[in-house]
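Before any comments, here is the structure.
The values are calculated or read from the model by the stated rules, or taken from the named source; none is laboratory data. Predicted model only: the values in this text are computed from it and were never measured. Glycine also receives a Cβ, built like all others from the backbone with ideal geometry; neighbour counts cover every protein chain displayed.
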Amino acid sequence: MSRPSATLRTAVVREVLQGALERRVKTSGRDTLEILDTGGGTGNFAVPVARLGHRVTVVDPSPNALFGLERRAAEAGLAGQVRGVQGDASGLFDVVERGGYDAVLCHGVLEYVDDPAEGLRNVVDALRPEGGTLSLLAAGLGGAVLGRALAGHFTEARTALGSDDGRWGESDPMPRRFTAEQLRALVGATGLEIAALHGVRVFSDLVPGALVDTEPDAQEALARLEAAAAESPAFQAVASQLHVLAETAGTPQKDH
Ligand SMILES: C[S@@+](CC[C@H](N)C(=O)[O-])C[C@H]1O[C@@H](n2cnc3c(N)ncnc32)[C@H](O)[C@@H]1O
């Protein structure tokens with residue numbers, strides 16, 4: 001069954017990230033930020049961030065992903081602002097500068113690294129000591145449990161619910177999932193201050209794509225529903241992904 005588009009599913013993350021980068025421009029006094037996208041793949045986030053006027057370095061172990069990134073950046077006319085480097089989270093400082101970035105993205109990567117605490121610590125150590133922003137996106141346990149149950153795979157749903165790693169079985173392609181509490185603890189251990197936590201893809205992974213494609217205005221209404229539910233702990237508990245925005249200590253938070 002097809003699902004709503006990737007752009008719609010990650011709209012909440014893009015919006016939160018864009019707001020955080022605008023605040024970082026103000027606090028740093030630099031219009032062009034240096035951004036590191038760890039495990040950035042083919043540039044789902046790196047290319048839109050470069051389009052905002054920033055310079056993005058993508059570190060990824062996959063040569064194929066980096067090839068796709070290069071092509072995508074070139075097609076968007078952003079080849080000069082997006083740099084791909086082969087490497088991984090555990091050997092991050094073999095390939096990029098420690099303390100050299102205004103913001104770091106770690107989206108869909110902690111699920112795959114051998115040691116999430118070590119991987120996240122490295123990612124955070126890439127931030128400038130005088131101020132930086134972390135954008136962390138990871139698979140949520142509750143969304144997987146709900147998804148398996150609604151697909152009629154009740155035993156798998158129960159396995160995921162009771163497991164330490166959030167997997168629903170041997171054939172689960174996802175190596176690890178997280179609860180909001182686990183992500184808060186991982187980020188807290190790095191010394192960063194959590195500015196916001198959002199549930200992502202609460203409904204859009206469950207809704208058949210056809211419903212969104214055929215109903216007039218349904219895309220926009222679904223995006224608004226996702227945005228409204230994202231900040232509610234009740235919906236975060238069943239989100240497919242969780243997004244944490246965190247800042248180095250002492251960074252001014254949102255203007256109110
Ligand atoms: C699910 S994709 C996410 C891609 C992109 N960040 C996004 O959100 O669209 C996971 C990416 O992490 C990369 N990856 C896997 N293991 C990694 C590691 N140990 N360190 C850094 N990146 C890793 C993969 O090559 C892949 O590009």
| Looking at segment 23-46, is at least one residue out of contact with any Phe, Trp or Tyr (no Cβ under 6 Å at 6 or more places or on another chain), within 30 Å of residue 216 (Cα to Cα) and in a helix (DSSP H, G or I)? | no
| remark: Screening 247, 226 for residues that are closer than 21 Å to residue 21 by Cα, surrounded by 14 or more Cβ atoms within 10 Å (Cβ to Cβ) and not aliphatic (A, V, I, L, M) leaves only 247
| query | On the given criteria, is residue 51 within 20 Å of the chain's Cα centre (by Cα), modelled with pLDDT of 95 or more and surrounded by fewer than 18 Cβ atoms within 10 Å (Cβ to Cβ)? | reply | yes
| said: Could you check segment 1-48 and list, in sequence order, the residues that are within 16 Å of the ligand (Cβ to nearest atom) and either free of Cβ contacts under 8 Å to residues at least 60 places away in the same chain or surrounded by fewer than 18 Cβ atoms within 10 Å (Cβ to Cβ) (or both)? | reply: 3, 5, 6, 7, 14, 15, 18, 42, 43, 46, 47, 48
| task | Given the conditions (1) near the ligand (Cβ under 9 Å from one of its atoms); (2) in a helix (DSSP H, G or I), report the number of the one that residue 120 does not fulfil. | result | (1)
| query | Regarding residue 111, is this residue farther than 22 Å from residue 63 by Cβ and either in contact with a helix residue (DSSP H, G or I) (Cβ under 9 Å, 6 or more places away or on another chain) or not hydrophobic (A, V, I, L, M, F, W, C) (or both)? | reply | no
| query | Can you tell me which of 143, 132 is in contact with an Asp or Glu (Cβ under 9 Å, 6 or more places away or on another chain), away from the ligand (no atom under 16 Å from the Cβ) and not aliphatic (A, V, I, L, M)? | reply | 132
| Elements of type helices (runs of 4 or more DSSP H) contained in segment 183-256, each with 1 or more residues being over 14 Å from residue 142 (Cα atoms), at pLDDT 90 or above and over 19 Å from the mean Cα position of the chain (by Cα) | 218-230
| request: Kindly indicate the residue of segment 62-72 that is over 26 Å from residue 21 (Cα atoms) and within 9 Å of the ligand (Cβ to nearest atom) and also surrounded by the most Cβ atoms within 10 Å (Cβ to Cβ) among those meeting that condition. | output: 62
| task | Looking at (1) within 16 Å of the ligand (Cβ to nearest atom); (2) among the charged types (D, E, K, R); (3) exposed (fewer than 15 other Cβ atoms within 10 Å of the Cβ), find the lone condition where residue 170 falls short. | result | (1)
| said: Please determine whether any residue of segment 52-59 is touching a residue at least 24 places away in the same chain (Cβ under 8 Å), within 15 Å of the ligand (Cβ to nearest atom) and either in a helix (DSSP H, G or I) or not β-branched (Val, Ile, Thr) (or both). | reply: no
| query | Cβ-Cβ below 7 Å, separation at least six or inter-chain, first residue in segment 85-101 and of a type in the set (D, E, K, R), second at pLDDT 95 or above: which pairs? | reply | 88/61; 94/87; 98/125; 98/126
| note | Counting only residues in segment 82-114 that are of a type in the set (Gly, Ala, Ser) and in a loop (DSSP other than H, G, I, E, B), the one farthest from the ligand (Cβ to nearest atom) is identified as 99
